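Worksheet for the structure shown next.
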Amino acid sequence: MPEYALAALWIVVAGLFGLLVGAAAGWLSWLDERRVPRAVLVGGSACGATWVFAVAVTALVA
């Protein structure tokens, strides 16, 4: 398997994990106060932070 295929696989896994974490954070935030804008911001921030963490780990490992 070429090295770029393995990197692409990790990118997809990190993207899906980030979406899952962001959705969970947004949903929990919405349950707290029932405010959609806050839930969207919290979920988006959690998703973005997960992606940044995944990129940092990938750079550290590669």
Cα-projected label distance for VAL36 with VAL12, points at 7 Å along beta-carbon direction, nm = 3.3
Normalised by the residues of segment 1-61, what does the relative contact order come to in percent, with Cα pairs under 8 Å and at least six apart?
-> 35
If one compares the long axis through the Cα atoms of helix 3-33 with the longest principal axis of the Cα atoms of the chain, the angle in degrees, nearest 10, works out at 10
Taking N as the number of residues in the chain, what is its Cα Rg relative to 2.2 N^0.38 Å?
-> 1.35
Would you calculate a helix-derived [θ] at 222 nm for the chain, using -39,500 (n - 2.57) for each DSSP H run of n ≥ 4 and dividing by the full residue count, to the nearest 500?
-> -33000 deg cm²/dmol
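Read the figures in this text as sums done on the coordinates, not as results from a lab. Quick caveat, the model's predicted, so the values are computed rather than measured. Glycine gets a Cβ as well: all are built from the backbone with ideal geometry, and neighbour counts include every protein chain shown.
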